[in-house]
Amino acid sequence: MQFTVTDAPERERFEARDENGALAGVVTYQLTGGVIAYTHTKVEAEFEGHGVGSTLARAVMDDARARGRTVVPICPFLSDWLGRHPAYDAIVARSTRKVK
């Protein structure tokens, strides 16, 4: 199953949609200058277990890196995901990282 992730700034969220346009999941955020705080990740029940969360996480982190933003991962899912993907460490606010 393929998902497309797009930013919906008017809703302060990134949206993942399947090939039919159905909403599969979202990551909400708050943007202040060059700092973006990812506050919540939600995957719709019918899409759980299909990689939507990871697809969203990678997309939002790649977007932040491309825009030169510092990430504050408030969302527990995203924080845990980042713990397994150290390639993003350089853009994550250090004081918010969980130590494992």
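The values are calculated or read from the model by the stated rules, or taken from the named source; none is laboratory data. Computed from a predicted model, the values in this text were never measured in an experiment. Virtual Cβ from ideal backbone geometry, glycine too; neighbours counted across all protein chains shown.
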Just the residues that are free of Cβ contacts under 8 Å to residues at least 24 places away in the same chain and either touching a Phe, Trp or Tyr at 6+ places or on another chain (Cβ under 9 Å) or in a strand (DSSP E or B) (or both), please, taken from region 67-78. none
With the first residue restricted to region 32-47 and required to be farther than 17 Å from Arg11 by Cβ, and the second required to be at pLDDT 95 or above and basic (Lys, Arg), Cβ contacts under 6 Å at 6 or more apart or on different chains are Gly34/Arg69
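If you check Ala64, Ala24, Ala87, which single one turns out to be under 10 Å from the mean Cα position of the chain (by Cα) and either of a type in the set (A, V, I, L, M, F, W, C) or part of a strand (DSSP E or B) (or both)? It would help to see each step written out before you state the result.
Numbers: Ala24 fails: under 10 Å from the mean Cα position of the chain (by Cα); Ala87 fails: under 10 Å from the mean Cα position of the chain (by Cα).
The unique qualifying residue is Ala64.
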Given the criteria closer than 16 Å to Val5 by Cα, surrounded by fewer than 20 Cβ atoms within 10 Å (Cβ to Cβ) and not β-branched (Val, Ile, Thr), does Arg65 qualify? yes
Those residues of region 27-61 that are farther than 20 Å from His85 by Cβ, in contact with a Ser or Thr (Cβ under 8 Å, 6 or more places away or on another chain) and either among the small types (Gly, Ala, Ser) or outside any strand (DSSP E or B) (or both) come to a total of 1
How many residues of region 1-21 are over 23 Å from Ala93 (Cα atoms), at pLDDT 95 or above and either part of a strand (DSSP E or B) or not acidic (Asp, Glu) (or both)? The answer is 12
Since Ala37 meets every condition but one in (1) surrounded by 15 or more Cβ atoms within 10 Å (Cβ to Cβ); (2) in contact with a Lys or Arg (Cβ under 7 Å, 6 or more places away or on another chain), which condition does it not meet? (2)
Please verify whether Leu23 is within 19 Å of Thr4 (Cβ to Cβ) and surrounded by fewer than 18 Cβ atoms within 10 Å (Cβ to Cβ), treating the condition exactly as stated. yes
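Do you know which residues across region 42-53 are closer than 21 Å to Leu31 by Cα and either small (Gly, Ala, Ser) or within 9 Å of the chain's Cα centre (by Cα) (or both)? Write out each step before concluding.
Our first condition is that a residue be closer than 21 Å to Leu31 by Cα; within region 42-53, this holds for 42, 53.
Within region 42-53, Gly53 is the sole residue that qualifies.
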Just checking, how many residues over region 5-16 are touching a residue at least 12 places away in the same chain (Cβ under 8 Å) and closer than 12 Å to Gly53 by Cα? 3
